[in-house]
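**Q** First, the structure itself, so that you have it in front of you.
Coordinate-derived values only; no laboratory data. Here the structure is a predicted model, which means the values were calculated and not measured. Methodologically, a virtual Cβ is constructed for each residue, glycine included, from the backbone with ideal geometry; neighbour enumeration extends over all protein chains shown.
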Amino acid sequence: MLGSLVLCAVLSGAPGASNQTLIFYNARLAGREKHPNEVLKLWLLHNSVAELLREPPVHEPDFLSSTWVALGDSGLCPDGLIDDEAGAGLWPLALHNWLVRNLTAQPPGDPMSPFDAFEVGKQQRLVSMQDTLSARELQTVSFFRTACWWPWNEMWDEVPGLPDLKDRIGVAKLMRQLLRRSRSTLAKDKVVQREVIEARIFDIDLLLTELKARQARRLARATQRRAKALGVAQATGEPAPLPYSPSSEEGKLLRGSLRWSTQAWLGLTPERRLFLFSKAKPFSDDAAGLARLQLSLLDANLARRSGDEVEQWVASFTAGNGAVARHQVFDGERGRRLLELDPTTGFRERAVISLHRGVGFLEVGALEESLRSFAYALAHAGESREEDALHSLSRRWLSYVLSRHETTDGLIATLRALVPRNDYNAVIEDLVWRAAFTADAKSFELCARSTRGNGALDQRIARLRPLASGKLTPFGTELRQALADESFSALRFVRQLLERLEAEGGDVRKAQAPTLALVAKLLSAVAANAESGGAAQQRTANELLGRAQAVLDGLADLGPDSQARLPRDLAPSNETFAGSIRLAPSDPLPWPFAVDDAPAPSAFTRLELVPMEWRDAKGELVMGWRIEE
C-alpha cells in the first residue's frame, strides 16, 4: 500500500524534493515502523523511476543499506544485490538476521494463482531486487522465500561448504564469522552501539563451547555403548570446557566491555546485559570504575522504572561491599527514587529501603524523617520477600523512635495517617505502656482515647490507668482482685508487664521497683494457693515470680549514683526477652537483594537495526543506524 501511495506521488510530480528523495525517505520511515516488505517495494519503485523516468538515484548507498536490512528481517534471499559498503556496511548483519529467520520452518506463503495474470495482462514472473517493474507490476508484486546462495558464496573462504541450517554448530560458526566481518564493513560515522556485536560474538562462543561439549558427550556415550557390546572396558568422564584466560579473545572482550558507556550497555537486552556483566565482573582491575558503571546502570534502570532489573543491579553493587555500598544505594535522591518503584514495576523491596533510610535518619538525629520512614516500611512490609522479619523489625524501630517523642495530638494524627490500620493499635499500646511506666497521665489518656475499638486493649488500659497516675495501691488492689476472679487473663497481663519492663532501661526499672515488689508479692500468693486456679496457674505464677525477682536482683546491683544501664545489661544472662520492643533493635537490618545466576541468553536471535538520523560536526544530516538487541 505504501509503495502505491508513493508511486502516485511520484507520477503526479510532488513539489519540493526529487522523486528519488521522496522514495528514499519513505523507505526509511517504513523501516523504522517495521514494514520490511514496504521497503522492498520502494526499492523496486526506485529502480523503475531510475529506468523509466530517467531520474538518477541520489541516495543509492544509504538506500541499499535499508534494502539489505529489510531482506534480512524478512528472511528473503539477497541474491543479485550488491553489498552496501558504500553506505552503512550492514550487509553482514543483514545476512546474520537472514540466517536466524531461516533457522525455523515458516508457514507457507499464499500460492501464486495463474488466473491473476489476466488482471494485469501479463504473465507472472520471478523478479530479483535488481529488476525494473512496471507500475502495474509494482502494485501486485509479492515476496516469498527461495533457495539462496549469497551467504555461502560470500563466506566460502572463512567457512567452506554448504552447512545444513539444521546443523546448529555450522550455523553458529557462520553467524560468528558474519559478525566478525561486520567489524570491518560497518561505517563508523553511520552506525552506533556496535558493542552489541561484541556481546553477541561472546554469546556464540559460549554456545559453540556448549554445543561441542554436548556433541562430545554424545560421541562418548555412543563409544561406550559400542565398547560395552564388544566387552571392552572404557574410561568414563566428560570433557569440561576450559575457563577463559585474560589473553583469550573472550577474556579481552569481557575486560573491554567494562569500559563501554552506559548507553552501550543499555543497547543490550536485560537478560544479555546481566549475563555479560556477571561474566565480565571477575576480569575488572579497576574497582572504582566498576562501581561507577554499576551505579550508572542502576540509575538508568531507575529512570526507566525497570524495577526487577534495578533489584539485580542493587544486589550486584552491594554484594561483598559492606555498609558503605548500601548507603550509596538508599541514601539521598537515589533512595527516594527507589521508594517510587512499586511492585507493578517488579521492585518489591521499597520497605527495606525505607527501613534503612529510617535508621540513617535516626543516626543523624532527624526524628521526624525516621518516624515517617519506619511507618512507610511498616505499611509496605507485605510486598517484601522478608515480610515477617521486616514487619516485626519496622514496628520495633517505630516504637523505639516514638519513645523519644513527646506524645501530642500532632503525633497521634501523624500515626493515624502513616501507620497501617492493622498495626495502629499495637503502636499506640507501646505508647500506653511507656506513659504508664513514666507516670505520664496526660500522654496516657491521650493515647487511650485514640485507640480503635479493641476489648482486650481497653482492659489492659484500665488496669494500667492507676499506675499511670502514680497510684500504686489502687493498681495492686485491682490486680489482686483480677488474679482471684480471672487468673488466666490477669497472669497474661503480668507477663506482658514484665516483658515490657525488661525492655526498659535502668532508670525506668528503678522507678518501678515498688511495682515489681508488689507484683512479686501477689504472684507468691497465687503460687502458694493451690486452690487459686490449679496446677497450671501455679506453674505460670512461679515462672513469672522468678522473672520478677530476677529483675529486682538486677536492680540491687545498681547503687544510688550509678548510671542507667541498657535492658540487655540488666536482664538475666544479659539477654532481653522476645517481647522487647523498647530497646533500639540490635537485629541486623534485612537486605534481601541477592545476585541471581543470569542464564545464558539465546544466540539465535535477530539483531535490531534501527534507522535514525543526526547532524554531524559540519551540520550535515547523517542517515545512520543503531544496533539493538
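**Q** Tell me which aspartates and glutamates have Cα within less than 13 Å of LYS41's Cα, excluding those fewer than 8 residues away on the same chain?
**A** Partners within reach: ASP131, GLU137.
**Q** Could you name the lysines in cross-link range of LYS510, using Cα to Cα under 29 Å and dropping any fewer than eight places away on the same chain?
**A** LYS442, LYS471, LYS521
**Q** Just to be sure I understand the model, the point goes 7 Å from the Cα along the line to the Cβ. What's the resulting LEU555 to LEU219 distance in nm?
**A** 8.5 nm
**Q** Sort the following peptides by mean Cβ neighbour count (other Cβ atoms within 10 Å, averaged over residues), highest first: 329-341, 24-36, 366-378, 592-604.
**A** Taking the mean over residues of other Cβ atoms within 10 Å, the ranking is 366-378, 24-36, 329-341, 592-604.
**Q** Report the calculated FRET efficiency for ASP167 and ARG259 (r = Cβ-Cβ distance, R0 = 45 Å), to the nearest 0.05. Can you show the working numbers first?
**A** Numbers: r = 36 Å, r/R0 = 0.80.
Here the calculated transfer efficiency is 0.80.
**Q** Could you give me the ³J(HN,Hα) list for region 130-142, computed from phi with Karplus coefficients 6.51, -1.76, 1.60 and θ = phi - 60°, whole Hz, x at Gly and Pro?
**A** Values, residue by residue: 9, 7, 9, 10, 6, 4, 5, 5, 4, 6, 10, 4, 9 Hz.
**Q** Also, quick follow-up: For MET623, which sequence-distant residues (separation of 5 or more, or a different chain) have an amide H within less than 5 Å of its own amide H, given hydrogens modelled in the peptide plane?
**A** Close amide H contacts, sequence-distant or interchain: none at all.
**Q** Once you've got the Cα coordinates, tell me which of LYS190/LYS252; LYS173/LYS281; LYS34/LYS279; LYS190/LYS281; LYS34/LYS188 are over 28 Å apart. Don't jump to the answer; show the numbers that get you there.
**A** Working: LYS190/LYS252 25 Å; LYS173/LYS281 26 Å; LYS34/LYS279 33 Å; LYS190/LYS281 30 Å; LYS34/LYS188 24 Å.
Long pairs (Cα-Cα over 28 Å): LYS34/LYS279; LYS190/LYS281.
**Q** In whole angstrom, how long is each semi-axis of the equivalent ellipsoid of region 342-423, when you take the square root of 5 times every eigenvalue of its Cα gyration tensor and sort them from largest down?
**A** Equivalent ellipsoid semi-axes, largest first: 22, 14, 11 Å.
**Q** Need the full-extension length gain, LYS34 to PHE144, defined as separation in residues times 0.36 nm minus the C-alpha distance. One decimal, nm. Don't skip to the answer; put the middle values down first.
**A** Values: separation 110, 0.36 × 110 = 39.60 nm, distance 1.76 nm.
Extra length from LYS34 to PHE144 when fully extended: 37.8 nm.
**Q** Let me ask another. Using the Karplus curve 6.51 cos²θ - 1.76 cosθ + 1.60 with θ = phi - 60°, what ³J(HN,Hα) values do you get for each residue of region 59-70, in whole Hz, with x for Gly and Pro?
**A** For region 59-70, the Karplus-derived couplings read 10, 4, x, 6, 5, 4, 4, 4, 5, 4, 4, 5 Hz, x marking Gly and Pro.
**Q** Right, something else. Compute the FRET efficiency between LEU589 and ILE82 as 1/(1 + (r/R0)^6), taking r as their Cβ-Cβ distance and R0 = 51 Å, and round to the nearest 0.05.
**A** After rounding, the FRET efficiency stands at 0.20.
**Q** Set the Förster radius R0 to 56 Å, insert the Cβ-Cβ distance between ALA229 and ALA135 as r into 1/(1 + (r/R0)^6), and round the FRET efficiency to 0.05. List each step's numbers first, then the result.
**A** Numbers: r = 70 Å, r/R0 = 1.26.
With R0 = 56 Å, the Cβ-Cβ based efficiency is 0.20.
**Q** Here's something else I'd like to know. Explain nothing, just compute: Karplus ³J(HN,Hα) = 6.51 cos²θ - 1.76 cosθ + 1.60, θ = phi - 60°, for every residue of region 380-394 in order, whole Hz, x for Gly and Pro.
**A** Result, ordered by residue: 10, 4, x, 7, 7, 6, 10, 4, 5, 5, 5, 4, 5, 5, 4 Hz.
**Q** Let me ask something else about it. Could you work out how far apart the two model spin labels at SER284 and ALA325 are, taking each label as a point 7 Å from the Cα in the direction of the beta carbon, and quote it in nm?
**A** The answer from the label model is 0.7 nm.
**Q** Using 0.36 nm times the number of residues separating THR477 and ALA617, minus their current alpha carbon distance, what extension gain do you get?
**A** 41.2 nm
**Q** Straight-line reach from LYS166: which lysines have Cα under 26 Å away, leaving out those fewer than 8 places along the same chain?
**A** LYS212
**Q** Okay, moving on. Hey, can you rank 265-272, 204-211, 134-141 by average C-beta count inside 10 Å, highest first?
**A** Working: 265-272: 19.4, 204-211: 17.0, 134-141: 14.8.
The most tightly packed comes first, giving 265-272, 204-211, 134-141.
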